[in-house]
1. Starting from segment 133-161, keep only residues that are free of Cβ contacts under 8 Å to residues at least 60 places away in the same chain and farther than 12 Å from Ile248 by Cβ, then list their pairs with residues that are open to solvent by 50 Å² or more (accessible area, probe 1.4 Å) and among the small types (Gly, Ala, Ser) whose Cβ atoms are within a distance under 9 Å, requiring at least 6 positions of separation or different chains.
2. Sort through Phe456, Phe496 and tell me the only one that's within 22 Å of Val390 (Cα to Cα) and in a loop (DSSP other than H, G, I, E, B).
3. Looking at segment 487-512 only, could you name the residues that are within 20 Å of Ile248 (Cα to Cα) and hydrophobic (A, V, I, L, M, F, W, C)?
4. List, please: which pairs have Cβ atoms under 8 Å, are six or more places apart or on different chains, and start with a residue in segment 383-408 that is touching a residue at least 60 places away in the same chain (Cβ under 8 Å) and end with one that is within 16 Å of the ligand (Cβ to nearest atom) and in a helix (DSSP H, G or I)?
5. How many residues does segment 1-54 contain that are in contact with a Gly (Cβ under 8 Å, 6 or more places away or on another chain), small (Gly, Ala, Ser) and over 23 Å from Leu93 (Cβ atoms)?
6. When segment 275-313 is examined, which residues are found to be in a loop (DSSP other than H, G, I, E, B) and either among the aliphatic types (A, V, I, L, M) or over 23 Å from Ser495 (Cα atoms) (or both)?
7. Can you pull out every residue in segment 475-514 that is away from the ligand (no atom under 16 Å from the Cβ) and under 26 Å from Ala555 (Cα atoms)?
8. Being closer than 23 Å to Leu529 by Cα, surrounded by fewer than 20 Cβ atoms within 10 Å (Cβ to Cβ) and touching a residue at least 24 places away in the same chain (Cβ under 8 Å) is the filter here; which residues of segment 629-648 pass it?
Amino acid sequence: MIHTNNEKNRFILETETTAYALSITELGNVAHGYWGKRLNRIEDYPQVGEPARLNQETNYNVLAHEYAGWSQGLYLEPSLKCSFQDHTRDVVLKFAEYQIKENALILTLRDAAFGLAVDLIYRPWENYDLIERKVVLRNESDFSIQLQQVLSARFTLPTCERYQLTQLVGKWGGETQLSQTELSIGKHIWESRRGITSHFANPFFALGRQNPSETHGDVWFGLLAFSGNWKSVVEANIHGQVFVSMGINDFDFSWKLEPHSSFETPRVIAGFSAEGYGRMSRMLHRFQRETILPESTRQSCRPVLYNSWEATEFHVNEPDQCKLAEKAASLGIELFVIDDGWFGARNHDRAGLGDWHVNPEKFPRGLGPLIQKVQSLGMKFGIWVEPEMVNPDSDLFRAHPDWVYHFPKRTATLYRNQLALNVCRPDVQKYIIGFMTKLLSENAIDFVKWDMNRSFSEPGWPEIEPARQQEIWIRHAQSIYEIFKTLRGRFPNVSFESCASGGGRVDLGTFEVSDQVWTSDNTDPYDRLFIQEGFSYPYCARAMMAWVTDSPNFANERRSSLRYRFHSSMMGSLGVGGNLPKWSDDEMNEARQWITAYKQYRHIVANGDLYRLASPRQSPLSAVQYVSPDKKESLLFTFLHSARRTQIVPRIYPRGLQSESLYKIQAIHDTRQLLDLNPNEPLSGAALMARGFRVALTGDFDSALWLVDKAG
Ligand code: GLA
């Protein structure tokens, strides 16, 4: 619901349990009023005016701007900074008008001197308890405007509080690691300047008041839907104010806004949870499952896939892949994916990238026979591509050396022996759509793993006018979205996995165009517990692809049981990536059993509510529970890192069950029992949640999977 008062100078957005209020001040600034629990009466929300002056500070600096133009010497992070035709670099935004359209509040601010209109767009997602924000700039003048910084939103949190800042940080092979620190005074920036979302930081923030936990405390959070350069800024000052700004990164950014044209920022999905981080995650997960991920994915669980990468790397060929396919099919795999190496002169990572024709030595009869084999085994067929990239040693690069980002007098830096194609160029975009259309039309391909294996460097686009050259950081991502949308439109039955050397492109923008993401190249099941925990803070399990691979793991030589590996991977969308011909009969039988169980219960993981019961960061025992939307069934994953005789292993308290209903718990494919519970005696949800129990895990890297379902 969107409310306004009689004077039309106060606006309130209400969702099921939260509210967000803002006011127009007497000087025409848009000031933040309130964000938190929904209140009983409209009059309960504050009306905010111009602030009282603080010593040595302009009012403009103190005001809780909803969107701050760089003006009047703003010393805080500006939301908007630009240069007008006479080189004035000062934006004076004043409220002009508002409208409520398609359940969105649009506040239009104008810079009267230069004909720039700024629409602040707010959409309450009532049933999801979330608020969406974005901005559209409209150049209403006859002159171009050079944009230098355009963020999506600025948020204000209650003043004079202590906050815990939650971020996702990481690296290749160790993405989405949770970082939680007390918010100190100062400016905290995390960002990507790499051209993609990045492994190192993710465009997500959460700020919890006092000491929030999984179940308790007030948490404000936001997620930016963008896969190019982005920036998150939290400013906490000595006055006790806390501002959060999010949007595209202003570093090396510039955008020429032509006369009578517009620029739309990516959106931020933000919210408030009065029940800690757990509820925050469940709100975001449900929103992603039901409104963000492509529609085809919303209706079904992801197929169990097999991927050839760890088994064969670049050494793919028809007979070997057919053998792998037979093995995979015998396990109950539903989708067989051939990874890198099937095209051009791609025998290693130094050549062939860009030459998207089937390698005649590896597949003398083309891909057809392999695809037919896969289909005859009852599986779908998927293929790996990396369309945005090229090896210098490729026919594509030899034909179009100017298609990569470059500065003419500089040597291009190679990463993984490859260069990034300038996908902003219409001819490059056309080429990618062209070869992908050919590949998908000529072959019965059901699934594409779309990879992207390097950050940008020497980001030049010398062929266009200088005023546009720094648009690449944004245009690349926009162009990729367009390509995905075009391909999805042409091939509605093909699904896509987004990958960037693992989790380098995990964000809501990517979720909008791909059915799942490759979480990390690190497939070690214990390391994955940490990666997956961080991932689960903002992102839903359905989109999280997780493979079971060989032991010892290539990433760290750790040995772990097949059971432990399956349990770790079954917490997301399950895949297998091991060298199956080397698996023993016992291992194959066990894998078959886990895949069968996964298929039986995956709807609980894919559609259910996720509860983090115990974190691997905090205790030797970790536990994650998924509860089906009707609360009839629940899966509980428990992992023991290592046992010490003197150590007390914490009790597990399940959550999300119906208090009055009776439930029974049983281990799936396991004879182990829970301690403190009689397996033959169903217990009420209330009792289970209040009494808790201990799980009988022993030794190192032990795990068990439990089904909690309604008795009778
Ligand atoms: C990246 C991906 C891997 C694999 C290789 C192939 O590293 O993350 O899964 O596809 O590329 O070169």
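The values are calculated or read from the model by the stated rules, or taken from the named source; none is laboratory data. Just so it is clear, the structure is predicted and the values come from calculations on it, not from any experiment. All Cβ positions, glycine included, derive from the backbone under ideal geometry; neighbour counts span all protein chains shown. What goes into the accessible areas is simple: the full protein's heavy atoms, side chains included, and nothing from ligands, DNA or RNA. Shrake-Rupley method; radii C 1.70, N 1.55, O 1.52, S 1.80 Å.
1. No pair meets every condition.
2. Phe456
3. Ala500, Val506, Leu508, Phe511
4. These pairs meet every condition: Trp384/Trp309.
5. Within segment 1-54, residues that are in contact with a Gly (Cβ under 8 Å, 6 or more places away or on another chain), small (Gly, Ala, Ser) and over 23 Å from Leu93 (Cβ atoms) number 1.
6. Across segment 275-313, the qualifying residues are Leu293, Val304.
7. Within segment 475-514, Asp507 is the sole residue that qualifies.
8. Within segment 629-648, Glu633, His641, Ser642, Ala643, Arg644, Gln647 meet the criteria.
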